[in-house]
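Comments concern the structure below.
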Amino acid sequence: MAALKKGSQASYNNIKNTTMKKVFIYFLAALVSCKNIQGSENLEGTYTAYHEHEFGKTHDTLFVRHVNDGDNIYSIIRHSGVVRTADGKIFPKKVVEESYLARYNERDKILDELKMGKIFIYNSQKQTLLLGKTEFVRK
């Protein structure tokens, strides 16, 4: 009878160890897949900037949309509202719209505009895009 109990206990321990190994492997796979989801940057969204300068005020908005997974291509539409001032006189608001296609480099965290060579630098901590000296904040 004791030999039967020892055999049953060994079989139970073997099943228990195998089950624990499977649970650990599933947990590890889930953890890795979550890291891959979080690790991929999502730049899509609306970014805004406002600045005053000696020639007036500018309200800038960037609309960023992911258009191609394989090449990390993004569409960027820049909408700028400029109110000029000269000699104390305020001129009517002028609206300028530009559109760009840019390739995102994940290693360097930059969007490289394909035609004119503009560089947008992405900061994931601050959720901003930097174009020259202008910092656009995600809304």
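Among the listed pairs K89/K133; K109/K133; K94/K126; K109/K139; K57/K89; K57/K133, those whose Cα-Cα separation exceeds 22 Å are K89/K133; K94/K126. Summing +1 for each Lys or Arg and -1 for each Asp or Glu among the other residues whose beta-carbon sits under 10 angstrom from that of Q127 gives +3.
Readers should treat all values here as calculations from the given coordinates under stated rules, not as data from a laboratory. Since the model is a prediction, treat every value here as computed from it, not as a measurement. Counting neighbours? That spans all protein chains shown, and the Cβs are built from the backbone with ideal geometry, glycine included.
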